[in-house]
Amino acid sequence: MKRIPRNERGMALAVAIFALVVVGALVAGAFFAGTQEQRVGENQRRVQTSFGVAEAGAQERVLSWDATSMNKRPQYPADSVVIGPNATAPNGTGSYGGYSYKVGPNLFLIDMTGRDNASAAGAIAGGGGARQRIGMLTRIAPVDFGIHASLTTQGSVSISGNADVNGADQIPAGWTSCDPPGPPQAGVRDQGGNVTESGNGTVLGNPPVVNDPTINNNTFTTFGGATYAQMTARANLVIPAGNYSTAPVVTNGQCDRTVLTNWGDGENPTAPCGSYWPIIHATGTITLNNTQGQGILLVDGDLNIQGSYQFFGIVIIQGDLKTAGGGTTDAHFWGGVMAKNADLSTQSLSGKATLNFSSCSILTALQATSPISMMRSRGWAQLY
C-alpha cells in the first residue's frame, strides 16, 4: 500500500516560489515583447524615414538638374556622376548620396541611397541602422516651340541681295551623329504678311511660304511645356544690349564656360566646346558680328546680324530680325528662327544672309538644354 505523507508543511512556500517564477517569466516576456515591438516600430520608422530621404534626394536631383553640364555627358558605362555623397535632406531628416547615369540619348537613371539622422550618425547600437536605396528613371522633357519653318514671324519679310531662306531639312557640315534629314518645311511661316524677294534673294521650302492666321503674340511667348519668361529664368548666360563677337574659349584643354562670350562650338562638334549648348538671354537689342554660337538664344529686343556669323539651334526674338553681310559662311542660322516683331514691321534679310532649317540642330539644342522629369509609368523602383 502506498504511503501518503500527512505532513504538508512548507508546500505554500514552494507554490509561492513557483508562482513568482511563473509571474516573473510572464512579466519578463511581456517586457521583452514590448521592447521588441518598440524596436520593430523604431526600426520601421527609421526605414520609412530613410526611404523618404532617398526619395527626396532623387526629387531634389530632378529639380536641381543642370541640363548644360549633364545632358551631353557620355552614356554609361563610360561616365557617371556622384551625387552627395552626404547631402542633407530637406528639413534635416537625414542625408543622401548616390549616382546618376545616362542610359540612353534621352534617359537617365538616378541611383539614390538615403539614411535617417540616427543611422547616418552611427548612433545605432551594433553599428547598424536603416538604409534605403531607390532607382528613379527619368527622361529629358523638351519644350515644344512649335517650329515648323525656317523663319516664323508675324509681319512682312524682305529678302534681297544673296539672302536665302530654306525650309529643306539640312545637316550642318561636320555633324556626323544626326539622323537622316526629315521632310522639308516651309521657308517662311507668317500671319499673312507680304514676303518680297529682290536681287538674288530666294525663299525655298514645301511650300516656300505658309500663311498661318493662328500666329499671334502668344506664339512667341507661350510654348508647349514652358513660357518665354520661364526660359529666360533658366538662362546660363545673361547679357545686356550691345554689340558682341562670340567664339569658343578653351583653357587647358577644357571648355571655359565662365566666359560670357563663349557660346559653344557648333562648327567643330567634337571640340571641347562642341558639347556646350547654353541658353543665352539678351535683355535688349543686340548685334552679333563674328564668329559663332549654339544653343537657345532669347532676345528681348531686336537681333542684328552682321558679317560672318553662324548660330546653331533655336532663336526666339521678341523684336525684329535684321541681317546683312555674310562673309564666307554658308549660313547665319542652322535650326529655326522665330521673330515676334509685335509692331508688324518688316524682317529685313540682305547680303549673304541665309536661314537653313535643321531639325538636327533643333533637337540637339533641346536635348542639351531641357530639364528632366520622372517617367509617368513605373518611374522608380526599390533597389537592394
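Numbers below:
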read-out: Single match in GLU42, GLU60 (criterion: among the charged types (D, E, K, R) and over 26 Å from GLY295 (Cβ atoms)); value: GLU42
read-out: So ASP66, is it under 19 Å from PRO142 (Cβ atoms) and either at pLDDT below 85 or not aliphatic (A, V, I, L, M) (or both); value: yes
read-out: Cβ-Cβ under 6 Å pairs, at least 6 apart or on other chains, segment 157-185 side within 19 Å of GLU267 (Cα to Cα) and in the same structural domain as ASN356 (by TED's automatic domain parsing), far side assigned to a loop (DSSP other than H, G, I, E, B) and polar (S, T, N, Q); value: GLN170/SER358
read-out: Residue count, segment 348-384 (criterion: in a loop (DSSP other than H, G, I, E, B) and more than 21 Å from ASP111 (Cα to Cα)); value: 5
read-out: Unique match (being modelled with pLDDT of 85 or more and part of a helix (DSSP H, G or I)) among GLY57, GLY41; value: GLY57
read-out: Test: residue in segment 118-135 that is among the β-branched types (Val, Ile, Thr), at pLDDT 90 or above, buried (at least 16 other Cβ atoms within 10 Å of the Cβ) and not in a loop (DSSP other than H, G, I, E, B); value: yes
read-out: Unique match (being of a type outside the set (Asp, Glu) and over 14 Å from ALA235 (Cβ atoms)) among LEU297, LEU288; value: LEU288
read-out: Near pairs, Cβ below 8 angstrom, 6+ apart or cross-chain, from segment 89-105 (at pLDDT below 90 and surrounded by 20 or more Cβ atoms within 10 Å (Cβ to Cβ)) to any residue that is in a strand (DSSP E or B) and among the acidic types (Asp, Glu); value: GLY94/ASP116
read-out: Number of positions in segment 182-220 that are part of a loop (DSSP other than H, G, I, E, B), touching a strand residue (DSSP E or B) at 6+ places or on another chain (Cβ under 6 Å) and closer than 25 Å to GLY284 by Cα; value: 0
read-out: Where a residue in segment 201-228 is under 25 Å from VAL143 (Cβ atoms) and its partner, wherever it lies, is part of a loop (DSSP other than H, G, I, E, B) and among the β-branched types (Val, Ile, Thr), with Cβ under 6 Å and at least six apart; value: PHE223/VAL143; GLY225/VAL143; ALA226/VAL143; TYR228/THR221
read-out: Options ASP179, ASP144, ASP190: the member that is surrounded by 20 or more Cβ atoms within 10 Å (Cβ to Cβ) and modelled with pLDDT of 90 or more; value: ASP190
read-out: Number of positions in segment 231-273 that are among the polar types (S, T, N, Q) and surrounded by 13 or more Cβ atoms within 10 Å (Cβ to Cβ); value: 7
read-out: Complete set of residues in segment 18-74 that are among the aromatic types (Phe, Trp, Tyr) and closer than 30 Å to ALA365 by Cβ; value: TRP65
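For (1) polar (S, T, N, Q); (2) at pLDDT below 90, each residue gets a yes or a no:
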site	(1), (2)
ILE317	no, no
ALA331	no, yes
MET338	no, no
SER348	yes, yes
THR364	yes, no
ALA368	no, no
ALA381	no, yes
TYR384	no, yes
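The values are calculated or read from the model by the stated rules, or taken from the named source; none is laboratory data. Everything numeric in this text was worked out from a predicted model, so none of it was measured. For neighbour counting, all protein chains shown are included, and Cβ atoms are generated from backbone atoms with ideal geometry for every residue, glycine included.
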